[in-house]
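K.L.:
The structure follows.
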Amino acid sequence: MAKYSITDFSKGDQVHHLSNTKLKMVVVEIVTEENEISCRWVDDKGQIQCEEFMPEELGKSDDLRRRIKSITAL
């Protein structure tokens, strides 16, 4: 997984916390001066949650997509 800085994120990006790749969040605000990214998600109970993270804590959801490998017969 890549390590990101605050400039690598944009509002609307789908992200996950590096400690829990199953929890998908959306970037709703970026505060460059404080090096914080505000993310929103819906928890298991259907409640909307919002919390601030440092960019080093987050990964982009595209990083988790499986790579398709081509296999050739010999």
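K.L.:
Give the residue list of trypsin sites (Lys or Arg not before Pro) in region 1-60 that are DSSP loop and have at most 16 other beta-carbon atoms within 10 angstrom.
P.N.:
Taking region 1-60 and a limit of 16 other Cβ atoms within 10 Å, the loop trypsin sites (Lys or Arg not before Pro) found are Lys3, Lys11, Lys45.
K.L.:
Evaluate the charge dipole of the chain about its Cα centre and quote only its size in Debye, nearest 20, assuming +1 on the Cβ of each Lys and Arg and -1 on the Cβ of each Asp and Glu.
P.N.:
740 debye
K.L.:
Scan (1) 34; (2) 26; (3) 59 for the value of percent of Cα pairs over 20 Å apart calculated from this model and give just the label.
P.N.:
(1)
Every number in this text was worked out from the coordinates using simple rules, so none of it is lab data. If you're wondering where the values come from, they're calculated on a predicted model, not measured in any experiment. Cβ atoms come from the backbone with ideal geometry, glycine included; neighbour counts cover every protein chain shown.
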